[in-house]
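Here the structure comes first, spelled out in structure tokens, and everything after it is commentary.
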Amino acid sequence: MAAKPSGAGKAPAWTTPADVRTASLRAWNSGELLREAALPTGLHPRRRALKHPSATQLRTDYALAAAWAASWVPAPQGCSLDHVSVGASTIGANTLPAAAVFASASDEILFLGLGRESAKFTELSRRVTELDAGLTAWAMLRPLELLKYGEDALTAARVALWFAANPAPGIYLRQLSLPGVHTKFVENHRRLIDGILAVLAPERPLVGKNYARRHGFHAAPDRVRVRYLDSAQAPVPGMDDVEMTAAAFAAHPLDVDRIITTENLINFLALPPAPRTLAVFGGGYGFEGIRDAAWLKDVEVLYWGDIDTHGFHILDQLRSHHPHVHSILMDEETLLAHRDFWGREALPSHAVLTHLDASENTLYEALKASTHQPQLRLEQELLRWDWVLARLP
């Protein structure tokens, strides 16, 4: 383009090499470019159109247009340029870049400067396919995962292959004997292993909270920790803090009139002596230990949790198994009396709860609606102990 006078003004939004790079990076980040490089489907040659100066803009902002055209010279590595003639009938023909063309996915990867990563993926996909041909589908589905985890992805693939071949191993996960694989590896790569297994055995459901049980392994039984707040009822003098399996707790009714279950360990340990009363440590959503204890229907059951949406969600779930459960220290009076200790709940629950009483539901809805403060949370261990003692039943 020959130099001509230019008009002043802000540079128009013409497509820059950086803009094309952004578009190509989206294709890389979706895994598309790695898939296309390995198994082309016809997406390439790919033509990425460029927004270029119009004839009017050439006349009014010629210097800017010339600078823009120069930014495309030479063509970036990995692509060629298609050109178009603009302004022939007004200011004279000017040849401008109209599209960046990538002959292949490999060329587009070269344009991004990611050739080394692409070569690494090619090697990893070859090795994972050598483990089992069925793993090719996973490598193509999750190419960036394979690239990210590298050698760990190959190890995870070996674990997934073993899981697929042994759907009901009937051993503890810790007993898994694969060379170079330890229990911590499985624990730290559960999502990766399950993702691979979902491709290897799509008909196999992967459900359940307990990872070991989900894959047919034995799992440590749920346990219940209790404190006899009436020392006279302890099974052995001085043995007032006892832990047992949930099955034992459910099968053997304890001779008490009242149970107080709390999520916080220190509160569990600090509860004062009380006649014929048992304290149970719940540990958040981990109340599975008392869920199946049918004998609780003949005992007063009190639940003390955090004043936040999840505290009421836990209460709701517990009450779905034991409808007679009463909440304590989870009321608006307690909340407002401890304003100095208010905190924030990271991820509030918005579940519809159907087992709360009217006052509990009112407070739960107020928490969801941020009536007092957004994402309000009052942790039970922050309550003043004199307040607690004055209100314990």
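The values are calculated or read from the model by the stated rules, or taken from the named source; none is laboratory data. All of these numbers come straight from a predicted model, not from anything done at the bench. We place every Cβ from the backbone using ideal geometry, glycine too, and count neighbours over all the protein chains shown.
Brief remarks on what is shown
To keep it simple, each residue is scored yes or no on (1) under 19 Å from residue 320 (Cβ atoms); (2) assigned to a strand (DSSP E or B); (3) outside the structural domain of residue 317 (by TED's automatic domain parsing).
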| position | (1), (2), (3) |
| --- | --- |
| 340 | no, no, no |
| 346 | no, no, no |
| 351 | yes, no, no |
| 356 | yes, no, no |
| 360 | yes, no, no |
| 367 | no, no, no |
| 372 | no, no, no |
| 377 | no, yes, no |
| 381 | no, no, no |
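- Residues in region 157-175 that are more than 27 Å from the chain's Cα centre (by Cα) and surrounded by 13 or more Cβ atoms within 10 Å (Cβ to Cβ): 166, 169, 171.
- For region 180-204, the tally of residues that are touching a helix residue (DSSP H, G or I) at 6+ places or on another chain (Cβ under 9 Å) and farther than 22 Å from residue 148 by Cβ stands at 3.
- Picking from residues in region 359-393 that are more than 16 Å from residue 312 (Cα to Cα) and surrounded by 18 or more Cβ atoms within 10 Å (Cβ to Cβ), the one that is farthest from the chain's Cα centre (by Cα) is 388.
- For region 136-169, taking the residues that are in contact with a Gly (Cβ under 7 Å, 6 or more places away or on another chain), part of a loop (DSSP other than H, G, I, E, B) and not hydrophobic (A, V, I, L, M, F, W, C), the one that is nearest to residue 33 (Cα to Cα) is identified as 142.
Listed here are the residues, each with its yes/no results for (1) touching a residue at least 60 places away in the same chain (Cβ under 8 Å); (2) at positive phi; (3) in a strand (DSSP E or B); (4) outside the structural domain of residue 142 (by TED's automatic domain parsing).
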{"site": "37", "(1), (2), (3), (4)": "yes, no, no, yes"}
{"site": "47", "(1), (2), (3), (4)": "no, no, yes, yes"}
{"site": "59", "(1), (2), (3), (4)": "no, no, no, yes"}
{"site": "84", "(1), (2), (3), (4)": "no, no, yes, yes"}
{"site": "91", "(1), (2), (3), (4)": "yes, no, no, yes"}
